[in-house]
1. Pulled fully out, how much extra length does the chain show between L292 and R193, if you take 0.36 nm times their separation in residues and subtract their Cα-Cα distance?
2. Give the separation of the Cα centroids, the stretch 132-193 to the stretch 200-216, in Å.
3. Give, in nm to one decimal, the length gained when the segment between E234 and H207 is fully stretched (0.36 nm per residue of separation minus the Cα-Cα distance).
4. Averaging over all projection directions, find the projected area of the Cα convex hull of the chain and quote it in nm² with one decimal place.
5. Run through the stretch 171-267 and list the GluC sites (Glu not before Pro) located in a DSSP loop whose Cβ has at most 16 other Cβ atoms within 10 Å.
6. What is the helix-to-structure angle for 95-115, meaning the angle in degrees between its Cα long axis and the longest Cα principal axis of the chain, kept from 0 to 90 and rounded to the nearest 10?
7. Per residue, what volume in Å³ does the Cα convex hull of the stretch 198-265 take up?
8. Over the Cα atoms of the stretch 1-128, what Rg and Dmax result, in angstrom?
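What follows draws every value from the coordinates through simple rules; no lab data is involved. Since this is a predicted model, take the numbers as computed values, not measurements. Glycine also receives a Cβ, built like all others from the backbone with ideal geometry; neighbour counts cover every protein chain displayed.
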Amino acid sequence: MNFKKRILITGGAGNIAGALATKLSEIDDYQIVIVDNLSTGDISKLPDLRRPNIKFIKLDVNDLNAISTVMCSEQFDLVFHYAAVVGVQRTLAHPMLVLADIEGIKNILELSKNTGVGRVVFSSSSEVYGEPFEIPQNENTTPLNSRLPYAVVKNVGETFFRSYFREYSLAFNIFRFFNTYGPNQSEDFVLPRFIDAALMNKPLTVHGAGDQTRTFCYIDDNTETTVRIAESLEYENSTINIGSDHEISIINLAKLVIELARSTSEIIHLPALTEGDMTRRCPDNSLMKDVLGRDLVSLEEGILKLVVHKKALL
């Protein structure tokens, strides 16, 4: 087949990247190559590999020889660099694994520059904001006050992407993801963990009083926004928050899940985490709303979608 655009997605067996790959694979003019070392990703999160425009390769982007073989042979137009070690507790327990991701960032940028890639997209994180300096958290105000290895690496990655643009005119986008949930999110994260427990009428565990706040973005809102941005020149070379602006405390999230799942679960309070549990998270998502041009999926609607999905698996 003659494809009009060749796209590379790293970390494509993860929650967000896998959903992105599935959405892009529905466009017949796109050839999608997915790479992942499957250290935290899973084959089940990939799109249908029987589609003629999908190819999966197991490799580690931190290995220059492995990723260079793919990028030099395929000549990509667009690269989504989503490969990363994720999960706050995992990254705290294994900081050297996180720091190694800097090599993957450098590999992707250098190879993109040298093989004629038109644009590179980086999956950053709300963690770059550290403890909140202002609410809502705006893309132009980044206090850099987090010492978590994961946040440090995301900040370093953002700096690399901007520097390659300034030095080599390599076009980019930086997406700062705030909690994105969906059917394929792992139980390392709070919302699927709560829903699984509620459906089995088991206790929901909350660290501390549960007054720390987060926002939750349904996966379809994430992928629709990112694809529109990647297909347009309007927001090229910009940093964009991708997330909901509906802020909710963790204790109220637990209560909402119990209510919507019609569960008899109780809430148990555990000691507060000593590191990595920021007090508040809430993005200024004005740019995201401009791109979507519609309301985001409500938290209640998203939870109900997951409840239906997970019930079908029981």
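1. 32.8 nm
2. 23 Å
3. 5.5 nm
4. 15.5 nm²
5. The qualifying sites are E187, E231, E234, E236, E247, E266.
6. Once rounded, one gets 30 degrees.
7. 108 Å³
8. Calculated on Cα positions, Rg and Dmax stand at 14.1, 46 Å.
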